[in-house]
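Data first, discussion second: the structure below is written as structure tokens.
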Amino acid sequence: MTALQRLDTVTNLQPIARDRLTLVEPEYQLIQSLPAGQVGTVLEVYPGEQPSYLVEFADLEGREYAMANLKPDEMLTLHYELLHAS
């Protein structure tokens, strides 16, 4: 897997438990987990032996509703264009 960079678009592969989330919008405060398949944006990259990424999840109007710190194996990078093999 290629290292993720800031502003990469990703999706979570598994539900994210409430205790791992920072919920922003009041209407989302009662959710127990963020379902798998939510689209997010990498905001920060924390390099190291075990890298992690701060991912922001937003609705269609661009309002952030949750953030989570995820490991590479918990997400999949989304691509809008076909990647060419080198």
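Among the residues of region 20-62, count how many are among the polar types (S, T, N, Q) and either without any contact (Cβ under 8 Å) to a residue 12 or more places away in the chain or part of a loop (DSSP other than H, G, I, E, B) (or both).
Going through region 20-62 one residue at a time, the tally reaches 4.
For residue 37, are the conditions met, namely being out of contact with any Asp or Glu (no Cβ under 9 Å at 6 or more places or on another chain), farther than 16 Å from residue 14 by Cα and of a type outside the set (S, T, N, Q)?
no
Which residues, counting only those in region 70-85, are closer than 27 Å to residue 48 by Cα, exposed (fewer than 10 other Cβ atoms within 10 Å of the Cβ) and modelled with pLDDT of 85 or more?
Passing the criteria: 73, 79.
Would you mind telling me which numbered condition in (1) at pLDDT below 95; (2) within 10 Å of the chain's Cα centre (by Cα) residue 28 fails?
With (1) at pLDDT below 95; (2) within 10 Å of the chain's Cα centre (by Cα) applied to residue 28, the lone miss is (2).
So, of the residues in region 6-19 that are in contact (Cβ under 8 Å) with a residue 60 or more places away in the chain and aliphatic (A, V, I, L, M), which turns out to be farthest from residue 40 (Cα to Cα)?
13
Let me confirm something: among 65, 28, 46, which residue is of a type in the set (Ser, Thr, Tyr) and surrounded by fewer than 12 Cβ atoms within 10 Å (Cβ to Cβ)?
46
Looking at region 34-50 only, could you name the residues that are modelled with pLDDT of 95 or more and at negative phi?
Within region 34-50, 34, 35, 36, 38, 39, 40, 41, 42, 43, 44, 45, 46 meet the criteria.
The values are calculated or read from the model by the stated rules, or taken from the named source; none is laboratory data. All values reported here derive from a predicted model rather than from experimental measurement. As a convention, Cβ positions derive from the backbone with ideal geometry for all residues, glycine included, and neighbour counts pool all protein chains shown.
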